[in-house]
Amino acid sequence: MNIFNAWFFRKPHRRQGFFLLPFLLSLLFFLTFSSLAPSVSQAKPSRVDTLLDRGEISEAIAMVETGWKKDYQNFYRHKYEQPIQQTEAIAQKLLDIARETGENPAVIWAFSRPEDLVILLITPGNEPISFTIAEADSEELDIMATTFRREVANPRRVNGFAYRRASQQLYQWLIAPIKPILESQQIDTLLFCVGENLRSLPFAALHDGEQFLIEKYSLATIPAFSLTETTYTDIRNARVLAMGASEFQEQIPLPGVEVELSAIVPELWPGSAFLNQNFTIANLQAERQQDPVQIIHLATHAEFKSGAPDRSYIQFSDRQLSLDRLEELGWKDPPVELLVLSACQTALGDRDAELGFAGLAVQAGVKTAIASLWSVSDIGTLALMSEFYQQLRTAPIKTEALRQAQLAMIRGDIRLEGATLVNSGGAIELPSDLPFARVNLAHPYYWSAFVAIGSPW
C-alpha cells in the first residue's frame, strides 16, 4: 500500500477532512474575491467617463465642475451658492472678457484616470474639445508631478537644472496636445482647473525645451470656473492696505518685510501700512471700514497643511487666523479685488493642502489671491513683489502683472548689485540684517512659487 492509500484508508473522521478540502478552498476564494469587490466596483467607469466616451464633452465638463465644487464645499464645510456654468456660457464669457481687456483667455480642465490623463479645453466663443493622453496614466503622472515639485522647490538646487526633465515631460503631457489650438487662436491667458496632485503644480515653470510656459502665457489656477468671479474691474488706481510682521514669537523672522511694505506703500501705491505689533486682525477690520481698499497685501507666515482647514492659517501678530474663518473678515462687502500673501508654505502634493490653497480666493471671498506654494527667501520675495506692484500699475489684468514680474526675474532684469536690489523701478537699498548673498533669481525656485488663484482679471 503506497503512502497515499495508507493515508486515505485511515479512520473515517480523518477522511472527512479530505472531502472538506475543496469546500475550504472554495470558501477561501469566495472570501478573497468578496474583499476585492469594492475595488472592482470602483474601477467601473464613472459618469464623467461615460459622457466622454459618448462624446458629450459639455456634459462631462459640467459634471467635473459639479464634483469639484462638492470637493471644496466638503473641505471647507461651506455651501457655495454659485450655479454650475454651462459650456456655452463659459465660452461666451471668455469672449466678452477678451473684448473688454484685450487679453485672450482659455480654460483647461485636467485630471488623471488610472489609464490616462484627460484634458478638456474651452476657448473664447468655441465648442469644448477633449484630449486623452494614454502614456500619462495616474501612476506616471503622480511620479512626474512629485519629482517636478521636489526638484524645483529645492533651495539647494538653484544653480542647476535638475527640474528640467520632469518639467519638459509634464509640458508634453499637459500643454503640447493643445498647443496648436492655443497658437491658432492667439490665446495668451490660461486658467488651469485641475484635479488632485496637480493643484500644487507650479505651471509657470513647465518647459518646452526652449522656454518656460510663463514666457508665452499669463496663468491662473481656479477651483472651478463656476466658483470664479469673472467680472473685470480696473484696479490700476486702487488703494492698498499693506500689513505684515518681521518678528514672531514662535516662528522664524522675516527680515525683508519692512522693506517689502515700504516698497509698496507709499512708494508705488497710495494706501496705509501696519507693521509688527500693529499687524492685527482688529486693525485690518477697522482700516477696511474706514478705507474700503481693493488690494490687501499680507507679508507674513501662512501655512496650508494636511487635514481640516482649521489646521491651516495666516499668522497675525496677535494670533493665527485659520482658513475656515477667513470669511469672517467680510472681504466681500465691499469687495476685495486682490489679496496677496507673500510668505506661504504649502504641503506640496497633499490633497487637503491643495484644496486649501486652490480654494483660497473663493473661501476668503476675494476675486483674486496671489500666494506662494513654498516659502521663498526674503530676497526672492522682495524681488518678485516689488516688481509685481510696479507692473500692476500698467498691466491690463492681474496675471499679466505677475507674468511680467516673473519674466523680469528670468531675464535678469531684477538683480542684486552688492546691497542693492535693482528692478524696473530703480533700486532698493537692503538693510544690513537681511542676508543678500549672490543668488540666481532667474531660477524658477525664486519666481514660480507665486501663483494667481481665482480670477486672472
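Within the stretch 267-310, being at pLDDT below 95, in a loop (DSSP other than H, G, I, E, B) and out of contact with any Phe, Trp or Tyr (no Cβ under 9 Å at 6 or more places or on another chain) holds for Asp291, Pro292.
A count restricted to the stretch 315-334 and to residues that are out of contact with any helix residue (DSSP H, G or I) (no Cβ under 7 Å at 6 or more places or on another chain) and in contact (Cβ under 8 Å) with a residue 60 or more places away in the chain stands at 1.
Pairing each residue of the stretch 153-170 that is closer than 13 Å to Tyr446 by Cα with any residue that is not aliphatic (A, V, I, L, M) and not in a loop (DSSP other than H, G, I, E, B), provided the two are 6+ apart or on different chains, yields C-beta distances under 7 Å for Ala153/Tyr445; Pro155/Tyr445; Arg157/Glu151; Val158/Tyr445. Where helices (runs of 4 or more DSSP H) sit wholly within the stretch 41-107, those with at least 2 residues that are of a type in the set (Lys, Arg) and within 23 Å of Lys332 (Cα to Cα) occupy 57-76. Scanning the stretch 298-332 for residues that are of a type outside the set (A, V, I, L, M, F, W, C) and either more than 18 Å from Ala282 (Cβ to Cβ) or within 18 Å of the chain's Cα centre (by Cα) (or both) returns His301, Glu303, Lys305, Ser306, Gly307, Pro309, Asp310, Arg311, Ser312, Tyr313, Asp324, Lys332.
Would you check if Ile178 is in a helix (DSSP H, G or I), in contact with a Lys or Arg (Cβ under 9 Å, 6 or more places away or on another chain) and of a type outside the set (Lys, Arg)? Spelling it out, it is not the case that Ile178 is in a helix (DSSP H, G or I), in contact with a Lys or Arg (Cβ under 9 Å, 6 or more places away or on another chain) and of a type outside the set (Lys, Arg). So, Asp350, is that one closer than 27 Å to Ile252 by Cβ and either buried (at least 24 other Cβ atoms within 10 Å of the Cβ) or touching a Pro at 6+ places or on another chain (Cβ under 6 Å) (or both) or not? No: the conditions fail for Asp350. Among the residues of the stretch 430-449, those identified as in contact (Cβ under 8 Å) with a residue 60 or more places away in the chain and of a type in the set (Phe, Trp, Tyr) are Tyr445, Tyr446, Trp447. Of the strands (runs of 3 or more DSSP E) lying entirely inside the stretch 404-457, those containing at least 2 residues that are surrounded by 13 or more Cβ atoms within 10 Å (Cβ to Cβ) and small (Gly, Ala, Ser) are 450-454. Inside the stretch 183-202, residues that are under 9 Å from the mean Cα position of the chain (by Cα) and surrounded by fewer than 22 Cβ atoms within 10 Å (Cβ to Cβ) make up a count of 1. Between Tyr171, Tyr232, the distinction of being among the aromatic types (Phe, Trp, Tyr) and part of a helix (DSSP H, G or I) belongs to Tyr171 only.
Filtered by the rule that a residue be free of Cβ contacts under 8 Å to residues at least 24 places away in the same chain and either under 24 Å from Leu339 (Cα atoms) or touching a Lys or Arg at 6+ places or on another chain (Cβ under 9 Å) (or both), the stretch 396-429 gives Ala401, Gln404, Ala408, Val422. Checking each residue in the stretch 102-116 for being touching a residue at least 24 places away in the same chain (Cβ under 8 Å) and either loosely packed, with under 15 Cβ neighbours inside 10 Å or polar (S, T, N, Q) (or both) picks out Gly102, Asn104, Ser112, Pro114.
Just one of the listed residues (Ile119, Ile129, Ile97) is within 20 Å of Met63 (Cα to Cα), crowded, with 16+ Cβ neighbours inside 10 Å and touching a residue at least 24 places away in the same chain (Cβ under 8 Å), namely Ile119. Filtering the stretch 270-279 to residues that are closer than 23 Å to Pro335 by Cβ and either surrounded by 16 or more Cβ atoms within 10 Å (Cβ to Cβ) or of a type in the set (A, V, I, L, M) (or both) leaves Gly271, Ser272, Ala273, Phe274, Phe279. Annotation note: of Ala162, Ala205, Ala166, the sole residue that is crowded, with 21+ Cβ neighbours inside 10 Å and either farther than 29 Å from Pro396 by Cα or not small (Gly, Ala, Ser) (or both) is Ala166.
The values are calculated or read from the model by the stated rules, or taken from the named source; none is laboratory data. Just so you know, these numbers come straight off a predicted model, no measurement behind them. So basically every Cβ, Gly included, is an ideal-geometry build from the backbone, and we count neighbours across all protein chains shown.
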